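As structure tokens, the structure follows; a few thoughts come after it.
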Amino acid sequence: MAKTFKYIILGGGVSAGYAAREFSKQGLKPGELAIISKEAVAPYERPALSKAYLFPESPARLPGFHVCVGSGGERLLPEWYTEKGIELILSTEIVKADITTKSLTSAGGETFNYQTLIIATGSTVIRLTDFGVQGADAKNIFYLREIEDADKLYEAIKAKKNGKAVIVGGGYIGLELSAVLKLNNVDVNMVYPEPWCMPRLFTSDIAHFYEGYYANKGVKIIKGTVATGFTANSDGEVKEVKLKDGRVLEADIVVVGVGGRPLTTLFKGQVAEEKGGIKTDSFFKTSIPSVYAVGDVATFPLKLYGELRRVEHVDHSRKSAEQAVKAIKATEDGKTVEEYDYLPYFYSRAFDLSWQFYGDNVGESVLFGDNNPESPKVKFGSYWIKDGKVVGAFLEGGTPEENNAIAKIARVQPPVENLDQLAKEGLSFANKI
């Protein structure tokens with residue numbers, strides 16, 4: 001027996017929760033909206049998994065970080081969905097999507113029909129087993145994407161008290177998990193092939209600070225090589241990581257963070273795609289008028305730079321979901337909404353550190369402030385200058401006011417004549433804008 005809904009959100013991550021809240025704000029009749037999720041819990045703020053969820057003292061647990069607390073909003077508990085007449089269809093994997101018949105089919109053979117679909121499937125992690133890395137299927141090799149992954153990792157940290165961990169990858173997950181494992185008194189080696197950490201965003205000057213700071217905290221960093229294999233003990237648990245440069249590292253726990261892939265397979269050949277994602281307009285409508293795509297899977301017009309981009313970040317997941325729902329509701333009412341005008345924003349918190357970045361990291365970069373890892377009070381940043389204008393800004397240790405100032409500068413893109421002068425002025429340049 002098929003179930004029919006006016007709106008279906010496919011995926012139960014951050015975007016789904018923020019879309020549901022926006023539907024509720026815009027006006028929704030009971031039974032009109034369903035969220036179909038492979039996960040067993042209501043939408044939650046995913047960033048908590050690599051941070052507070054793994055803390056040794058008072059770790060975060062649900063229902064504490066259901067959406068929309070991450071942006072200072074109301075916490076939507078499972079009961080909220082019930083009260084609003086929104087059907088949460090959990091632990092349900094969709095294996096087939098048919099755009100022509102407007103239907104979705106689950107692994108259990110159920111059919112769900114919709115009038116309007118929002119694709120909010122997010123990303124999946126890239127696994128070492130995908131590349132046939134020897135021994136990569138050993139126990140205690142972890143990836144972090146869903147709450148279930150975090151639970152398994154948390155149990156392993158407790159079971160392997162004061163053990164040895166190897167982190168494969170020097171990006172977001174690598175940096176955040178190295179820090180949280182160190183807080184759990186685990187011996188940590190971080191391995192990545194690039195010349196410095198977070199190379200997609202950090203300059204070598206920015207990375208110099210974080211690598212030094214982590215080293216001072218006891219994290220051992222091994223650059224310029226990759227994991228080529230793993231050996232396991234008689235219980236099938238990982239015990240060694242073999243590196244391409246010939247080194248062998250002992251490990252009770254391995255965490256792999258080598259990137260993700262947008263989950264678009266269900267819609268291949270049914271909607272237009274671009275740059276690895278589903279192509280949308282400024283309202284997140286795809287090439288099929290009744291289908292929208294938000295968050296990690298959407299390749300959308302980034303108005304500020306006049307180009308199509310795909311953005312993998314929680315801030316965009318929230319805002320794109322809200323924009324799509326506003327657009328759906330406006331279309332029904334014969335109204336219009338403003339185009340999505342997104343300012344790229346990334347942030348991270350680890351140890352006592354906290355950085356924010358706004359805009360685009362292209363062109364020449366200028367470092368300001370003190371990026372010495374030994375400094376007692378850390379505050380430094382970077383500007384990116386292209387065609388004589390500031391297009392991006394990064395700040396470590398900023399106050400809320402200072403972070404707002406660098407966000408504004410990335411949006412306004414003020415002209416700059418002298419890069420040395422900009423380096424001298426540092427934050428005061430942003431505060432003048």
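The values are calculated or read from the model by the stated rules, or taken from the named source; none is laboratory data. Since we're looking at a predicted model, the values are computed, not measured. Quick reminder, even Gly has a Cβ in these numbers, built from the backbone with ideal geometry, and neighbours come from all protein chains shown. Please note that ligands, DNA and RNA were not included when accessible areas were found on the heavy atoms of the full protein model with its side chains. Shrake-Rupley method; radii C 1.70, N 1.55, O 1.52, S 1.80 Å.
Hey, can you tell me all the residues within region 231-245 that are of a type outside the set (K, R) and either within 18 Å of E155 (Cβ to Cβ) or surrounded by 14 or more Cβ atoms within 10 Å (Cβ to Cβ) (or both)?
Scanning region 231-245 gives T231, A232, N233, D235, G236, E237, V238, E240, V241, L243.
Can you find even one residue in region 119-135 that is in contact (Cβ under 8 Å) with a residue 40 or more places away in the chain, touching a strand residue (DSSP E or B) at 6+ places or on another chain (Cβ under 6 Å), under 24 Å from I328 (Cα atoms) and not in a loop (DSSP other than H, G, I, E, B)?
Yes, because at least one residue in region 119-135 is in contact (Cβ under 8 Å) with a residue 40 or more places away in the chain, touching a strand residue (DSSP E or B) at 6+ places or on another chain (Cβ under 6 Å), under 24 Å from I328 (Cα atoms) and not in a loop (DSSP other than H, G, I, E, B).
Tell me which residues, restricted to region 317-347, are surrounded by fewer than 18 Cβ atoms within 10 Å (Cβ to Cβ), under 24 Å from the mean Cα position of the chain (by Cα) and aliphatic (A, V, I, L, M).
Within region 317-347, just L343 meets the criteria.
Residues S375, S428: which one is under 21 Å from A207 (Cβ atoms), outside any strand (DSSP E or B) and among the hydroxyl-bearing types (S, T, Y)?
Being under 21 Å from A207 (Cβ atoms), outside any strand (DSSP E or B) and among the hydroxyl-bearing types (S, T, Y) holds for just one of S375, S428, which is S375.
Quick check on Y383: is it open to solvent by less than 50 Å² (accessible area, probe 1.4 Å) and within 28 Å of Y53 (Cα to Cα)?
For Y383, the condition - open to solvent by less than 50 Å² (accessible area, probe 1.4 Å) and within 28 Å of Y53 (Cα to Cα) - is not met.
Looking at region 179-227 only, could you name the residues that are among the aliphatic types (A, V, I, L, M), open to solvent by less than 50 Å² (accessible area, probe 1.4 Å), more than 21 Å from A48 (Cα to Cα) and part of a helix (DSSP H, G or I)?
Those that are among the aliphatic types (A, V, I, L, M), open to solvent by less than 50 Å² (accessible area, probe 1.4 Å), more than 21 Å from A48 (Cα to Cα) and part of a helix (DSSP H, G or I): I206, A207.
With the structure loaded, tell me whether R46 is open to solvent by 10 Å² or more (accessible area, probe 1.4 Å), modelled with pLDDT of 95 or more and either touching a His at 6+ places or on another chain (Cβ under 7 Å) or under 13 Å from Y18 (Cα atoms) (or both) or whether it fails that test.
yes
Those residues that are farther than 24 Å from T129 by Cα and in a loop (DSSP other than H, G, I, E, B), I need them from region 253-277; list them, please.
Result: G269, Q270, V271, A272, K275.
Give the residues of region 348-374 that are over 26 Å from K424 (Cβ atoms) and either open to solvent by 40 Å² or more (accessible area, probe 1.4 Å) or hydroxyl-bearing (S, T, Y) (or both), sorted by residue number.
S348, R349, F351, D352
Taking only pairs six or more apart or across chains, which ones have beta-carbon atoms under 8 Å, a first residue in region 320-331 that is among the hydrophobic types (A, V, I, L, M, F, W, C), and a second residue that is assigned to a helix (DSSP H, G or I) and open to solvent by 20 Å² or more (accessible area, probe 1.4 Å)?
Close Cβ pairs satisfying both conditions: V325/Q26.
Please work out if A34 is touching a residue at least 40 places away in the same chain (Cβ under 8 Å), open to solvent by less than 50 Å² (accessible area, probe 1.4 Å) and part of a loop (DSSP other than H, G, I, E, B).
Considered against the rule, which asks whether it is touching a residue at least 40 places away in the same chain (Cβ under 8 Å), open to solvent by less than 50 Å² (accessible area, probe 1.4 Å) and part of a loop (DSSP other than H, G, I, E, B), A34 comes out as no.
Every residue in region 1-27 that is surrounded by fewer than 21 Cβ atoms within 10 Å (Cβ to Cβ), in contact with a strand residue (DSSP E or B) (Cβ under 9 Å, 6 or more places away or on another chain) and in a loop (DSSP other than H, G, I, E, B), please.
Those that are surrounded by fewer than 21 Cβ atoms within 10 Å (Cβ to Cβ), in contact with a strand residue (DSSP E or B) (Cβ under 9 Å, 6 or more places away or on another chain) and in a loop (DSSP other than H, G, I, E, B): M1, A2.
Quick check on my filter: what residues within region 284-316 are among the aromatic types (F, W, Y) and either open to solvent by 30 Å² or more (accessible area, probe 1.4 Å) or outside any strand (DSSP E or B) (or both)?
Of everything in region 284-316, those that are among the aromatic types (F, W, Y) and either open to solvent by 30 Å² or more (accessible area, probe 1.4 Å) or outside any strand (DSSP E or B) (or both) turn out to be F284, Y305.
Each row is one residue, and each column tells you yes or no for (1) closer than 29 Å to N233 by Cβ; (2) touching a helix residue (DSSP H, G or I) at 6+ places or on another chain (Cβ under 7 Å); (3) without any contact (Cβ under 8 Å) to a residue 12 or more places away in the chain.
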residue: L117; (1), (2), (3): no, no, no
residue: D151; (1), (2), (3): yes, no, yes
residue: Y154; (1), (2), (3): yes, yes, no
residue: H208; (1), (2), (3): no, no, no
residue: K217; (1), (2), (3): yes, yes, no
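What's the total number of residues in region 410-430 that are of a type outside the set (A, V, I, L, M), loosely packed, with under 15 Cβ neighbours inside 10 Å and under 13 Å from V366 (Cβ atoms)?
Counting residues in region 410-430 that are of a type outside the set (A, V, I, L, M), loosely packed, with under 15 Cβ neighbours inside 10 Å and under 13 Å from V366 (Cβ atoms) gives 5.
From A407, A393, grab the single residue that is free of Cβ contacts under 8 Å to residues at least 60 places away in the same chain and open to solvent by less than 70 Å² (accessible area, probe 1.4 Å).
Result of the check over A407, A393: A393.
Which members of region 150-191 meet the condition of being aromatic (F, W, Y) and over 23 Å from V311 (Cα atoms)?
Within region 150-191, Y154 is the sole residue that qualifies.
At pLDDT 95 or above, open to solvent by 20 Å² or more (accessible area, probe 1.4 Å) and not in a loop (DSSP other than H, G, I, E, B): is that true of T101 in this structure?
Here the answer is no, as T101 does not meet what is asked.
Report, ordered by the first and then the second residue, all pairs with beta carbons closer than 7 Å, sequence separation of six or more or different chains, a first member in region 174-197 that is basic (K, R), and a second member that is surrounded by fewer than 20 Cβ atoms within 10 Å (Cβ to Cβ) and in a loop (DSSP other than H, G, I, E, B).
K182/K217; K182/G218
Output the residue which, of all residues in region 228-252 that are part of a loop (DSSP other than H, G, I, E, B) and of a type in the set (K, R), is nearest to E312 (Cα to Cα).
Filtering first and then ranking leaves K244.
Could you identify the single residue in V67, V125, V95, V133 that is modelled with pLDDT of 95 or more, touching a Leu at 6+ places or on another chain (Cβ under 7 Å) and of a type in the set (A, V, I, L, M, F, W, C)?
Unique residue meeting the criteria: V67.
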